[in-house]
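Step one of this worksheet: look at the structure below.
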Amino acid sequence: MSCYFRQNGDTEVTIPKYNESSTGVTYYDIKVRVRQVEWMVERRYKDFDQLNEKLVNDISISKKLLPPKKIVGNKNPAFLEQRREQLEKYLHELLVFFRIQLPRVLAEFLDFNKYDIIYLLQDLAKLFHENGESLLSSKKEFHLSALEAYAISERLSLPCPPENIEQRGIFDFSHVLDFCTQLEILVITPVKDNTSFENDYNTVDVPIGRSNIIPKTLSFNLNAFRNLKTLKFYGISTENIIDIALLKPTLASICVHNTTITHLNQVLLCDNLHKELAAASSSNSNSNGAISTSVVTDKRSVWSNITKIDLTCNLLTQIDSSVRTTPNLQELRLEQNRISAIQNLAEMSHLQVLSLSANLIMECIDWHMELGNLVTLNLAQNRLKKLTGLRKLLSLVNLDVSCNQIEDLEEVDNIACLPILENLRLTGNPLAGSVDYRPRVLARFHERAVEISLDSEPGTQNELDTALVLSALLKSKMRQNNRTPK
């Protein structure tokens, strides 16, 4: 990202070509380079004329700097080439004149407010000055692009620019800081006003606008956000964060969606401190994402206030040991990943909600050893055939095993024994297509059938009456089997 304030000596503006649209309008492609950052801007001669008029009126530059209009012959290639050269010279003279500070009208004309730290933050400052109170009072989430998050982070490390550069008033950076320190819910996305990140992993590799800036290369800290309670990332990895320590006293929820992360530690141990700790104990790490105990238990790694983690729709393959850095975790959502088993949850005594829908789980063996206090478990859209491993989850109230491969009705017996189970979803399994599916399932709960909501609906009176008869037959069969000599 550019910073004209620091790099004006290595700034260049050229007009490499012009283009004629299908409607016959001529556009000039302006190339702006600030050190290694480049972007393109498309403008008509009319735009140049309006810019010049504002500069003449507001700053009193010479009106003769801009090449004059021409009514006749203005589509002649030779003339257009000459005008391209004249307009390039005009912009060059403006940059010489405004060597330290670009007036807002020129900054916006050249899109500095889209790609330059100072001028981009001026737009944010104006927004927060005019609407900050209403944005904060609504308690709604606020979206920042990776570029904006980077700009705020970099601005905090800059020496304070001369007063006239930040234009005290509506463009004052203090408006940004005031807003950030009070914000409670922040969403960071690769780019602004673009929803493609919701279902596209590759947005972080696509240049921003017409620049050469790649979102995934923008590393930033979040030190300006001192009261943040919820942090959400869509389409961009938390590994872009270089410092997150100041968020730990307040952050209660962290969500990361639509990224290519494969391990939880890429979220929970994402910043430079954690990476240094992991590197120092690399002899205790392995390629499967295991993290040294010393790293996980280091006080600087602990998220003591995190109660919810939502990492839906990523490429996670396992629940690694970094989850133990959130000892008070209550809700863990890992939907639409590539997880085939659970690990490292045995010490999570506060965990009540676990959602693993749309993963690759084929079996659940002795899950009560890992999930003793679980209240809600979602295993929809996996590859389960048996429910044996759930029979001792005695605190379970809500269970979703819909859209699996459960065929045998007797598998229901493994969960019918759970004393406080109330909500059960089995739809989408082969057994759900059998005759009298609902009363046959409810019958497995015997006297508790009336308390069960099956596939989001309680049993009808007719279903419960049928279930009662089937329950009596099941009990009779069980008594006969018990009397049968072995």
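Rule-based calculations on the coordinates, nothing more; no lab input. Computed from a predicted model, the values in this text were never measured in an experiment. Using ideal geometry, Cβ is built from the backbone for each residue, glycine included, and neighbour counts are taken over all protein chains shown.
On C-alpha positions alone, give me the angle between the axis of helix 173-182 and the longest principal axis of the chain, in degrees, nearest 10. Tilt of helix 173-182: around 10 degrees.
Can you give the FRET efficiency to the nearest 0.05 for A346 and D10, using r as the Cβ-Cβ distance and R₀ = 56 Å?
Here the calculated transfer efficiency is 0.50.
In percent, rounded to a whole number, the relative contact order of the chain is 7, using alpha-carbon pairs under 8 Å and six or more apart. Seen against the Cα atoms of the chain and their longest principal axis, helix 45-59 is set at about 70 degrees. Spread over its residues, the convex hull of the C-alpha atoms of the stretch 4-101 is 100 Å³ per residue.
For K75, what is the net charge nearby, where nearby means another residue's Cβ is under 15 Å from its Cβ and Lys, Arg count +1, Asp, Glu -1?
Values: positive: R44, K46, K69, K70, R83, R84; negative: E20, E81.
That works out to +4.
Here the peptides 5-16, 388-399 are ranked by packing, the mean other Cβ count within 10 Å, and the order with the highest first is 388-399, 5-16. For Y115, the shell of other residues with beta-carbons less than 13 Å away shows a net charge of -1, using +1 for Lys and Arg and -1 for Asp and Glu.
Positive contributions from Lys and Arg (+1) and negative ones from Asp and Glu (-1), summed over other residues with Cβ under 9 Å from the Cβ of K232, come out at -2.
Taking one quarter of the surface of the C-alpha convex hull of the chain gives a mean projected area of 32.3 nm².
Each helix, a run of at least 4 DSSP H residues, gives -39500 (n - 2.57); summed and divided by the residues of the chain, these come to -9000 deg cm²/dmol at 222 nm.
Highest mean first, what order results for 324-330, 427-433, 146-152 on Cβ atoms within 10 Å? Walk me through the numbers before you get to the answer.
Numbers: 324-330: 19.6, 427-433: 15.6, 146-152: 24.4.
So the peptides 324-330, 427-433, 146-152, ranked by packing, come out 146-152, 324-330, 427-433.
Once the Cα atoms are used to define both axes, helix 117-137 deviates from the longest principal axis of the chain by about 50 degrees. Can you list the lysines whose alpha carbon is less than 16 Å from that of K139, not counting same-chain residues fewer than 8 positions off? Straight-distance partners of K139: K229, K232.
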